[in-house]
Amino acid sequence: MEDKNKILYDITSYVDKEALTEKERQYVKKQIDESPELQLEYNIQKSMKNLVSARITRAKTPAYLIDNIVSKTSDTSKRTKQQSFINGIKEFLFTPKYALGIASILILLTIAYSVFNIPPDGGIKTPNLFVQAENNFASIIAGDLKPQKLCSNAGEVKEFFRSAGVAYATIVPEFKEWNIIGAVVSDEQGQKLAHHVYSDDSGKLIYVYQVNKAHLTSNKLVELSPEIYDNLMSNNVVKFEAHDHSTFLFRHVENVFALVTNDDDTKIEKRFIENLINSNTI
Amino acid sequence: MDNLYKEFEKEALPHIDALYNFALKMTGSSDDADDLVQETYLKAFRFFDKFERGTNCKAWMFRILKNSFINDYRKNTKEPDKVDYDDVSNFYENIKSSDIKTDHLQEDVYAKLMDDDIAASLNNLPEDFRTVIILSDVEGFTYEEIADFIDCPIGTVRSRLHRARKMLYTKLFSYAKDKGFINEK
C-alpha cells in the first residue's frame, strides 16, 4: 500500500514538476506509460490541475477596500513620522504654564497644521477635550473604536446616553445630509461622557464629543487652557485645521463640544454647527 | 518611513486580488473577506520592516492572512470542517479505472460545466483540501511555500494535493453525469 501510494503521489509531483529528480521523473513516466491504472491517475491529476488553473477566475478586489487599505496604511505612515512633532506642539499649546494669547495660539496652530500637513493624531496621552477628540476620531477612522450602540436617530442616542449613566442633558440634533450612525459613552474619572458620530452618503464622518461646561473645570481629563475656556464661554467657535480633518470647539447652552470631521469644514461650520447652536434641541 | 511605505505599496499591493480571492474562499463571505484582507494589510504594514527583502512577499502576506484567519476570524466562527483522512482515502481509492472511461477526462466534458459549477465543487471540498488546490493551482505556490503555509512537510502537501484533486474530480464527475454531459451505460 505504501509503495502504491508513493507512486500515486509521485504522479502528482510529476504533474506539478515538483520534488522529483530527473531520474525519478523518468521512472514515473515509464510507470504511467505501462499501467492503464496509473495513466488514469495521471489524467485525473493533470486535468484537474488544468481545469482549476483555467476556470477558477479571480474576483476583483472591491475599489473601496483598496482605498481603505491605502488610506489607512499611508495615514499610519504619516502619523508615525509626525508623531513627535505634534506631541511637542500640543504639549506646548495645551499646558497652562505655556499659554499665550488666544490669537497667537490659533495662528500658530493654523500655520503648523497647514504647513506640515499634520494628520489626525493617535496615541497622544496628554489628556484634554481636544486631544481626546482627535485621538478618538483617528481611532474611528482606523476602525479601532467601534460604537457601543448602533443607532440612527437622536431619540435612541439620547436614551442610550441616559441609560449608560450620562448625568447631563445632551444635545443630539438630526440633519438631512448627515445620518447618525452610533454612540459611545466613556468613563473619565468616574464621569460618564457622551460621544456620537454622523456620516454622510459619501462616508465622510462627523464625530461629536460633548461634556457639560462644569467638566472643563472639574475633570482634569477634559480641561482646556484658560484662554480657550474663556473663548468658549464667550460663545466663540475655536477651529483647528489639518490637511485631512478639522476640529471645532464650541459651546451651546450648558454643553461644550469638540467636533472632529473629515468633511468640508466650511459646510460643517455653516450647516452643522450653526444649526446646532441655533436649535433648541436638548 | 515614506520610503518604507512606497516599498510596501510596490511589494504588497499587487497581491491584493490573490489575497482577497483566497479570503473569499476561506470565509465564504465578502464582508468577512473584506475584514480579513484589511487586517492582513494593516498587520503586514506594521511588521513590514521585519519582512526579509528578496524573499517571496506574496507568500509572506498569505502567512499573515492565514494567522489572522485562524486567530481573529475562526475563533469567532464555527469550527472548520473536520476531515477524516481515512474516509477520504477509502472514498477515492474506490474509484477504479474500470469505472471511468478515459474520454470523461477530456476537457470538452468539463468545458460544458459553468465556471460557477467548478467553483462550487471546489468550495465544497473540506478546507484542508481546498486550501492546497487553491494555493497550488490558482496561486501557483511551490510545494515548499505551501508546506510553509500549512505547517506540514512537503510529503503531506503532495499527498493532500493528490487526494484533493481526486475528490474534486469525483464531485465534477457526478455533477457532469447529473447534468447529462456524461452518458454511462
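For this structure, a couple of remarks:
- Of the trypsin sites (Lys or Arg not before Pro) found in the stretch A:148-224, the ones in coil according to DSSP and having at most 11 other Cβ atoms within 10 Å of their Cβ are A:LYS176, A:LYS220.
- Across peptide A:53-64, the average count of Cβ atoms from other chains found within 10 Å of a residue's Cβ is 6.
- Remark: mean inter-chain Cβ contacts per residue of B:33-41 equal 4, using a 10 Å Cβ-Cβ cutoff to other protein chain atoms.
- Heavy-atom accessible area with a 1.4 Å probe sorts B:ASP128, B:ASP178, largest first, into B:ASP178, B:ASP128.
- Simple rule: put +1 on each Lys or Arg Cβ and -1 on each Asp or Glu Cβ in the stretch B:112-185, find the dipole, and look at B:PHE129, B:ALA147, B:SER174; the Cα lying farthest toward the positive end is B:SER174.
- Shielding by other protein chains, B:115-127, mean Cβ within 10 Å: 2
- Buried surface between chains B and A: roughly 4500 Å² of accessible area, summed over both sides, computed with a 1.4 Å probe on protein heavy atoms only.
- Reduced Cα scattering model of the stretch B:2-76, Debye log10 I(q)/I(0), q = 0.17 Å⁻¹: -0.59
- If you wrap the Cα atoms of the stretch A:2-55 in a convex hull and average its projected area over all directions, you get 3.7 nm².
- Amide hydrogen proximity for A:CYS151: with H placed 1.01 Å from N in the peptide plane, the residues at 5 or more positions away or on another chain lying under 5 Å are A:GLY182, A:ALA183.
- Share of alpha-carbon pairs per 5 Å distance bin for the stretch B:129-175, given as whole %: 5, 25, 32, 20, 10, 6, 2
The values are calculated or read from the model by the stated rules, or taken from the named source; none is laboratory data. Note that the coordinates shown come from a computational prediction; the quantities given were computed from them, not determined experimentally. All Cβ positions, glycine included, derive from the backbone under ideal geometry; neighbour counts span all protein chains shown. Please note that ligands, DNA and RNA were not included when accessible areas were found on the heavy atoms of the full protein model with its side chains. Shrake-Rupley method; radii C 1.70, N 1.55, O 1.52, S 1.80 Å.
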